[in-house]
Each structure stands twice: as C-alpha cells, then as structure tokens.
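Reading through the structure tokens given below for one structure.
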Amino acid sequence: MQHIVSAPPATGPLPLLCFLHGYGEAAPMAIERALRRHGPLAAGAAPVAVRGFIVLAPQLPIAGDLWGRHADQVLTLIDDVCARQAVDATRMYLTGFSYGGNGVFDLALAQPDRWAALWSVDPTRVPQRAPKQPLWLSAGDVARAQHAPFVRALRLGAKGERVWADDGEDHVGSARLAYGDERIYRWLLSFARA
C-alpha cells in the first residue's frame with residue numbers, strides 16, 4: 001500500500017496520527033497531491049499536525065468505502081513506521097475524512113487495542129457498533145444529515161470523551177476547518193493507552 005510518512009525531528013518518541021483519505025484521493029491520483037488535499041498534511045492544517053506528530057497517510061489502491069478491507073495492511077504500515085521512527089506506542093491516533101471517517105470506525109473496531117483516541121471528519125455512514133475509544137466527530141453536511149443516528153449510536157455529546165462538533169460547514173469545509181483546528185489535536189493528545 002502506497003503511503004506518506006511525515007516525521008519532524010525529535011529527541012524522543014512522538015505520537016502517531018494515521019490519516020485515512022476520502023473517495024477522491026485514492027489511486028490512481030498522484031499520492032503527494034491526493035494526501036495533501038485534506039487532512040493533517042494539507043497546506044491549511046494546524047502546524048502542530050506536522051510539528052508534533054508523526055503522520056502516516058496510506059492511499060487506497062482504488063476508490064471506495066474500503067478501509068475496513070485494508071485494516072491489516074494499515075496495521076502492517078503502522079508496525080513498519082514504529083520500527084523506523086521513535087513512536088510513542090501509547091499515543092497512536094486515527095483520523096479520516098469522508099469515507100476515511102468511516103474507516104476510522106472500521107479500523108477502530110478491528111484494532112480496538114491499537115488506538116488511544118479517534119477523530120472522524122464528516123463520515124458518510126453511522127457505524128453498526130460504537131468503538132470503545134474516545135471519539136471526536138467533526139460534522140459537515142453529510143454527517144449533519146444523520147445527526148440523531150450518529151449521536152445515538154456513538155453516544156456523542158458536546159464535551160469529554162465523546163464529542164459531536166458541528167461548525168456549520170459543508171463536506172469539504174468541515175475537513176478544512178477541522179484539520180486546521182489546533183484544539184482537536186490537543187484533545188487527541190489528552191488520551192493515551194494504558
């Protein structure tokens with residue numbers, strides 16, 4: 001699986017943030033262009049994304065709501081990054097936009113002991129089960145249309161470990177605003193696996 005790793009210089013272990021892209025960023029789109037359109041590697045992302053985290057951004061070989069099918073490949077990439085970089089294994093976080101937001105739920109359920117916290121940005125479907133990890137859902141017009149089912153299924157609130165955040169943006173605007181919001185990265189960092 002093709003991927004990008006962004007790792008700042010560090011004197012000790014850093015948290016890892018794995019970003020799952022949406023439908024339009026899969027291959028055959030050029031990986032550098034695809035994985036910098038939205039998410040923590042985008043030009044408008046909060047600087048803390050690339051200064052305070054090792055960012056892993058895999059690319060699906062074809063477009064679709066397919067992250068669940070590639071959970072083992074993503075896990076292999078994470079293990080490879082951990083072997084090559086100074087990763088704090090207690091502070092690994094999963095985020096994704098659109099279909100990648102769906103993938104956050106799929107991978108969290110498939111790998112429940114891997115992730116310290118989750119961040120789904122305008123996912124397109126409500127998961128069948130709630131993952132156990134703390135969760136921040138940044139809503140855009142897609143998730144907003146399913147507000148009640150998301151809140152009910154994921155037990156979301158306005159604060160704490162289960163956050164529903166809606167700034168009134170459209171689909172792409174929700175990604176731009178969310179990944180540019182430094183407070184969400186700080187929220188992620190408040191969680192570590194035991």
Answer yes or no as to whether Arg69 is farther than 28 Å from Arg186 by Cβ, basic (Lys, Arg), surrounded by fewer than 19 Cβ atoms within 10 Å (Cβ to Cβ) and at pLDDT 95 or above. yes
Tell me which residues, restricted to the range 11-33, are surrounded by 14 or more Cβ atoms within 10 Å (Cβ to Cβ) and touching a strand residue (DSSP E or B) at 6+ places or on another chain (Cβ under 9 Å). Pro13, Leu14, Pro15, Leu16, Leu17, Cys18, Phe19, Leu20, His21, Gly22, Glu25, Ile31
What is the residue count in the range 108-132 for residues that are within 16 Å of Pro58 (Cβ to Cβ) and touching a Pro at 6+ places or on another chain (Cβ under 9 Å)? 2
For a quick check of your reading of the model, give me the residue pairs whose first member lies in the range 21-41 and is farther than 17 Å from Arg176 by Cβ, whose second is buried (at least 17 other Cβ atoms within 10 Å of the Cβ) and of a type in the set (A, V, I, L, M), with beta-carbon atoms closer than 8 Å and at least 6 apart or on different chains. Ala26/Ala34; Ala26/Leu60; Ala27/Ala34; Ala27/Leu60
Note on the range 72-106: residues of a type in the set (A, V, I, L, M, F, W, C) and more than 16 Å from Ala26 (Cβ to Cβ) are Leu75, Ile78, Val81, Cys82, Ala83, Ala86, Val87, Ala89, Met92, Leu94, Val104, Phe105
Any residue in the range 68-84 that is over 16 Å from Gln2 (Cβ atoms) sitting within a Cβ distance under 6 Å of a residue that is assigned to a helix (DSSP H, G or I) and among the acidic types (Asp, Glu)? List the pairs, counting only those 6 or more apart or interchain. Gly68/Asp106
Out of all the residues in the range 3-23, which are within 18 Å of the chain's Cα centre (by Cα) and at pLDDT below 95? none
Conditions (1) surrounded by fewer than 19 Cβ atoms within 10 Å (Cβ to Cβ); (2) in contact with a Gly (Cβ under 8 Å, 6 or more places away or on another chain); (3) touching a residue at least 60 places away in the same chain (Cβ under 8 Å); number of the one not met by Phe97: (1)
The range 82-166: strands (runs of 3 or more DSSP E) wholly inside it with 1 or more residues that are over 16 Å from the mean Cα position of the chain (by Cα) and of a type in the set (S, T, N, Q) are 87-97
Residue match in the range 44-54 (condition: surrounded by 24 or more Cβ atoms within 10 Å (Cβ to Cβ), modelled with pLDDT of 95 or more and within 16 Å of Leu188 (Cβ to Cβ)): yes
Scanning the range 171-194 for residues that are modelled with pLDDT of 95 or more, out of contact with any Gly (no Cβ under 6 Å at 6 or more places or on another chain) and outside any helix (DSSP H, G or I), the one nearest to Leu118 (Cα to Cα) turns out to be Phe191
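The values are calculated or read from the model by the stated rules, or taken from the named source; none is laboratory data. Note that this is a predicted model, so its numbers are computed, not measured. No Cβ is skipped: glycine too gets one built from the backbone with ideal geometry, and neighbour counts run over all protein chains shown.
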